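The values are calculated or read from the model by the stated rules, or taken from the named source; none is laboratory data. All values derive from a computational prediction rather than experimental measurement. As a convention, Cβ positions derive from the backbone with ideal geometry for all residues, glycine included, and neighbour counts pool all protein chains shown. Surface areas here come from the heavy atoms of the whole protein model, side chains and all, with no ligands, DNA or RNA. Shrake-Rupley method; radii C 1.70, N 1.55, O 1.52, S 1.80 Å.
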Amino acid sequence: MIERLAIIGVGLIGSSLSLALKQAGAVGQVVGYGRNRRNLEKGIELGVIDRFEASIAECVADADVIVVAVPLGAMQPVFAELKSNIKETAVITDVGSSKASVVAAAAAELGDDFPRFVPGHPIAGTEQSGVEAGFASLYQNRRVILTPLQQTAADAVEIVDQMWRHSGAILEYLSVEHHDKVLAATSHLPHMLAYALVHHLSHLNDHDEIFRYAAGGFRDFTRIASSDPVMWRDVCLSNGDALVVLIEQYQRELDRIAVAIRDNNADELLKLFGRAKTERDSLIGNC
Ligand code: NAP
């Protein structure tokens, strides 16, 4: 049971965690911080937080666990502000979609408290943002990856591990580098493809017609292009090296398809599509 939980950034990810922990009876009081007072008032109205504070320092005072759930680009200033007022036994964790940049920011700002920081990333979300988008079942049977370092305190890892288990999640452990490489391929690259596709089609002359006749497959594939632009700008800037390599490899794959089509190379197209179908069916199933 976490007596007092501080959530910095009461949006989709932070509020869903709070709702899940409240539903599980795994948290006492939840205190929120954000820049927009309306969002925080809404958070109280929806039962996401019990109260909010006007500064990060006040929000984290006496907190047992502090969850930093702001966009990646805002992590470092948040760490800088919270360190002045945390109690010795407090545990700090984050939910950022890439890990190396967050670990570097925490290492730069937290000083002696760095071993109390447990980097984390829930592999769950929607294309919606803000407190009203949160819901208690978001993490049910979804993976949460923790990437503790050698110097991370074992008791801090255990507390964060238990917190996520109470929210319904399945815990996995990866190194920071491995996490960023895997997530660049499974999450970050697909978002780039969706953004690029919608952006590209919206610039064609007859784009109204194209979107009018968009069928289910197009909607499914492009749903993630409705995600928050600030969040995805920050993901690109913080995991850029891994992502650019994948984008370049993907471009070569598209070139290969274009050449096969131009050459009327039916065998090549069949081979490529057949292999992709087999791989997807065996890895993901018919979902
Ligand atoms: P969100 O719904 O937009 O929530 C972010 C919250 O952070 C907002 O409520 C915002 O409130 C606050 N915030 C923004 N900038 C801030 C700043 N400079 N200082 C303090 N508070 C700030 O976003 P989210 O989807 O929950 O994403 C939060 C984090 O989770 C990101 O790091 C993202 O990488 C990670 N994540 C997202 C997903 C997903 O699918 N969405 C999945 C896994 C992980 P105010 O505007 O009121 O300050």
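Computed values, structure above
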| read-out | value |
| --- | --- |
| Qualifying residue in segment 90-102 (condition: basic (K, R), touching a Pro at 6+ places or on another chain (Cβ under 6 Å) and assigned to a loop (DSSP other than H, G, I, E, B)) | yes |
| Filter result for L283 (among the aliphatic types (A, V, I, L, M), within 29 Å of E177 (Cβ to Cβ) and either open to solvent by 100 Å² or more (accessible area, probe 1.4 Å) or in contact with a helix residue (DSSP H, G or I) (Cβ under 7 Å, 6 or more places away or on another chain) (or both)) | yes |
| Residue ranges of strands (runs of 3 or more DSSP E) in segment 119-180 with at least 1 members under 21 Å from F79 (Cα atoms) | 120-122, 143-146 |
| Hits in segment 138-156 - residues which are within 11 Å of the ligand (Cβ to nearest atom), surrounded by fewer than 19 Cβ atoms within 10 Å (Cβ to Cβ) and in contact (Cβ under 8 Å) with a residue 40 or more places away in the chain | none |
| Subset of segment 157-200 that is out of contact with any helix residue (DSSP H, G or I) (no Cβ under 6 Å at 6 or more places or on another chain) and among the hydroxyl-bearing types (S, T, Y) - its residue that is least open to solvent (accessible area, probe 1.4 Å) | S187 |
| Search result, residues across segment 204-228 that are open to solvent by less than 60 Å² (accessible area, probe 1.4 Å) and closer than 24 Å to A133 by Cβ | A214, G216, F218, T222, I224, A225, S227, D228 |
| Test: S101 is hydroxyl-bearing (S, T, Y), out of contact with any strand residue (DSSP E or B) (no Cβ under 9 Å at 6 or more places or on another chain) and modelled with pLDDT of 95 or more | yes |
| Complete set of residues in segment 157-179 that are of a type in the set (D, E, K, R), farther than 18 Å from G125 by Cβ and free of Cβ contacts under 8 Å to residues at least 40 places away in the same chain | E158, D161, R165 |
| Selection from segment 1-59 of residues that are more than 8 Å from the ligand (Cβ to nearest atom), open to solvent by 10 Å² or more (accessible area, probe 1.4 Å), assigned to a helix (DSSP H, G or I) and of a type in the set (S, T, N, Q) | Q23 |
| Residue that is nearest to the ligand (Cβ to nearest atom) [pool: residues in segment 73-91 that are under 20 Å from Q151 (Cβ atoms) and touching a residue at least 60 places away in the same chain (Cβ under 8 Å)] | L82 |
| Residue, surrounded by the most Cβ atoms within 10 Å (Cβ to Cβ), within segment 114-137, restricted to residues that are within 13 Å of the ligand (Cβ to nearest atom) and closer than 22 Å to E41 by Cβ | V131 |
| Flag if A106 is within 15 Å of the ligand (Cβ to nearest atom), in contact with a Pro (Cβ under 8 Å, 6 or more places away or on another chain) and not in a loop (DSSP other than H, G, I, E, B) | yes |
| Single residue of L254, L243, L237, L269 found to be away from the ligand (no atom under 16 Å from the Cβ) and either surrounded by 11 or more Cβ atoms within 10 Å (Cβ to Cβ) or in contact (Cβ under 8 Å) with a residue 40 or more places away in the chain (or both) | L269 |
